[in-house]
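The values are calculated or read from the model by the stated rules, or taken from the named source; none is laboratory data. Here the structure is a predicted model, which is why all the values come from computation and not from measurement. With ideal geometry, Cβ positions are generated from the backbone for all residues, glycine too; neighbour counts draw on all protein chains shown. Just so you know, the surface numbers come from the protein's heavy atoms only, side chains and all, with ligands and any DNA or RNA stripped out. Shrake-Rupley method; radii C 1.70, N 1.55, O 1.52, S 1.80 Å.
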Amino acid sequence: MVNYTFPKDFLWGGAIAANQAEGAYLEDGKGLTIVDLLPTGEKRRDIMKGNVPSFLPLEGEFYPSHEAIDFYNHYKEDIALFAEMGFKALRVSIAWSRIFPTGADEEPNEAGLKFYDDLFNVLIKYNIQPVVTLAHFDVPVNLIEKYGSWRNRKLVDLFEAYAKTVFTRYKDKVKYWMTFNEINMLLHLPFLGAGLAFEEGENKKQIQYQAAHHQLVASALAVKACHEIIPGAKIGCMLAAGTFYPYTCNPDDVFQAMEKDRESYFFIDVQSRGEYPPYAMRFFKDHHLTIQMEPEDKDILKNHTVDYIGFSYYSSRTTSTDPEVIKNMTSGNVFGSVSNPFVAKSEWGWTIDPKGFRITANQLYDRYQKPLFVVENGLGAADVVTPEGEIKDDYRIEYLKQHIAEMGEAIQDGVEIIGYTSWGPIDIVSASSGEMRKRYGYIYVDRDNEGKGTLNRIKKKSFYWYKNVIQSNGENFGE
Ligand code: BGP
């Protein structure tokens, strides 16, 4: 038993994204989107970084998103399993290119709209709140080809039209929304995050921050539209969070850690406080960046700030100015970090730091004083199916247990947290690697890295564990 309580209406659940779960990549009129151009294997990273522009799937490559776990055709049985675990919320994303296949169509695609109507109806039947991300690593490929994606202001209008369409259609069904998933990913994997690909010799930083400005304005316009169209709805931003520790107390390390955090906070400072932070001005000046802004942008940003701060937390990060120390880098949600000798690592090299979760939540709350929503957290691990057909994922339970405990502590610290949707409650395709082998689920999906398997769903040990956590509102997680 634990010594803290979670709020009565706490939104326990899970989070998936269209691009990693749905598959059915051309079904019912859907257009191509970013992830449909991301193969597994060596080429993936370079494409995600925007170094290799490509607008069509390449011959001879394997694209795991094209079928993914076929959530598009399995959502009813999958949601029934989530309901069995007692989910109060399911975070999903809408695939922009199901609604507007080219991103610029005159009329929305009715088949696409209907799919999400049906999906939300099933959730509502089980009293599961849909929490919907408008863009989770998602831009119709036509807009990338035609306009260079978010580098072009045109995307602001097109995104606003898309947002208004889905708000109007689902206004009676969806009360929790988010604009851009991990908006700061644009700086790390610009093609994955925002559909940005670069030509030889282009100033990447200039393009990234111009695109960021467009997304920030588009996000504010979506907040505006959401509030106008859906009274009582809450709409948030979404940050790939994880605080940066200085490797030592050398002031240079400490300052660098602050700057690294600001690189991410920059987005949320604008989305939540409604204006560019002063340090961004210095940054633009030092890097000779000129961001094109329209006269109305200032007011748009100021008047339409988010209602809550959504964030993902997988790992803390560590930074150093010492050339010897930085030889020892580690991975972790693609944010460069030096190895922290005080914490463990996952099989994929991601830092495991539950206390860092409490620290991150406290820092975000100190900074923004708005409710927080933990919309991703979890452990990517390879599972083994025993000859009896069981999956004993104690390592996953351990990770989640420790993180939920620290979330409980953060709530005790006074941080307002409205919900927790762990990442990938059913196994889905990994965003960073494209693997199926990197699994987060309480539910196993029989599919491998090459796309082979029956797609059968199997409950893991963690399924029963999480069910218990939810049933006891976080008071009993198997101490
Ligand atoms: C976040 C993304 C998710 C998800 C998660 C886990 O960056 O928002 O889409 O995939 O990380 O990452 P991965 O799948 O690479 O293990």
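Of (1) assigned to a loop (DSSP other than H, G, I, E, B); (2) open to solvent by 10 Å² or more (accessible area, probe 1.4 Å); (3) closer than 27 Å to Lys114 by Cβ, Gly41 satisfies all except one. Which?
(3) is the only condition that Gly41 fails.
When you look at Tyr147, is it over 22 Å from the mean Cα position of the chain (by Cα), of a type in the set (Ser, Thr, Tyr) and either away from the ligand (no atom under 16 Å from the Cβ) or surrounded by fewer than 24 Cβ atoms within 10 Å (Cβ to Cβ) (or both), yes or no?
Spelling it out, Tyr147 is indeed over 22 Å from the mean Cα position of the chain (by Cα), of a type in the set (Ser, Thr, Tyr) and either away from the ligand (no atom under 16 Å from the Cβ) or surrounded by fewer than 24 Cβ atoms within 10 Å (Cβ to Cβ) (or both).
Applying the selection to region 368-395, what residues are under 19 Å from the mean Cα position of the chain (by Cα), assigned to a loop (DSSP other than H, G, I, E, B) and within 16 Å of the ligand (Cβ to nearest atom)?
Asn377, Gly378, Leu379, Gly380
Mind listing whichever residues of region 154-185 are in a helix (DSSP H, G or I), more than 12 Å from the ligand (Cβ to nearest atom) and of a type outside the set (Val, Ile, Thr)?
Answer for region 154-185, where residues must be in a helix (DSSP H, G or I), more than 12 Å from the ligand (Cβ to nearest atom) and of a type outside the set (Val, Ile, Thr): Lys154, Leu155, Asp157, Leu158, Phe159, Glu160, Ala161, Tyr162, Ala163, Lys164, Phe167, Arg169.
Looking at Ser331, is it touching a residue at least 24 places away in the same chain (Cβ under 8 Å), open to solvent by 10 Å² or more (accessible area, probe 1.4 Å) and within 14 Å of the ligand (Cβ to nearest atom)?
In short, no.
With the requirement that a residue be in a loop (DSSP other than H, G, I, E, B), of a type outside the set (Val, Ile, Thr), more than 12 Å from the ligand (Cβ to nearest atom) and open to solvent by less than 10 Å² (accessible area, probe 1.4 Å), what does region 407-431 give you?
Passing the criteria: only Pro425.
Note down all Cβ pairs under 7 Å where the first residue falls in region 110-137 and is farther than 18 Å from Val374 by Cα and open to solvent by less than 10 Å² (accessible area, probe 1.4 Å), the second is assigned to a loop (DSSP other than H, G, I, E, B) and away from the ligand (no atom under 16 Å from the Cβ), and they're at least six residues apart or on different chains.
Qualifying pairs under 7 Å: Gly112/Lys30; Tyr116/Tyr170; Phe120/Tyr170; Phe120/Lys173; Phe120/Val174.
If I ask for residues that are over 19 Å from Pro101 (Cβ atoms), more than 16 Å from the ligand (Cβ to nearest atom) and among the β-branched types (Val, Ile, Thr), which ones from region 111-144 would you list?
Matches in region 111-144: Val122, Ile124, Ile128.
Is at least one residue of region 295-310 farther than 29 Å from Ala233 by Cα and open to solvent by 30 Å² or more (accessible area, probe 1.4 Å)?
Checked region 295-310: no residue is farther than 29 Å from Ala233 by Cα and open to solvent by 30 Å² or more (accessible area, probe 1.4 Å).
Does region 71-102 hold any residues that are open to solvent by 10 Å² or more (accessible area, probe 1.4 Å), assigned to a loop (DSSP other than H, G, I, E, B) and within 28 Å of Lys175 (Cβ to Cβ), and which are they?
Passing the criteria: Gly86, Lys88, Phe100, Pro101.
Check Gly389, Gly349, Gly378 and return the single one that is surrounded by 21 or more Cβ atoms within 10 Å (Cβ to Cβ), on the phi > 0 side of the Ramachandran plot and not aliphatic (A, V, I, L, M).
Gly378
Any idea how many residues of region 273-329 are in a helix (DSSP H, G or I) and within 27 Å of Ile207 (Cα to Cα)?
Here the count works out to 17.
If the Cβ limit is 9 Å and pairs must be 6+ apart or interchain, which residue in region 196-222 that is under 19 Å from Lys146 (Cα atoms) and open to solvent by less than 10 Å² (accessible area, probe 1.4 Å) pairs with which residue that is of a type in the set (Ser, Thr, Tyr) and not in a helix (DSSP H, G or I)?
Gln215/Thr179; Ala218/Thr179
Can you pull out every residue in region 396-406 that is open to solvent by less than 30 Å² (accessible area, probe 1.4 Å) and either touching a strand residue (DSSP E or B) at 6+ places or on another chain (Cβ under 9 Å) or within 16 Å of the ligand (Cβ to nearest atom) (or both)?
Across region 396-406, the qualifying residues are Arg396, Tyr399, Leu400, His403, Ile404.
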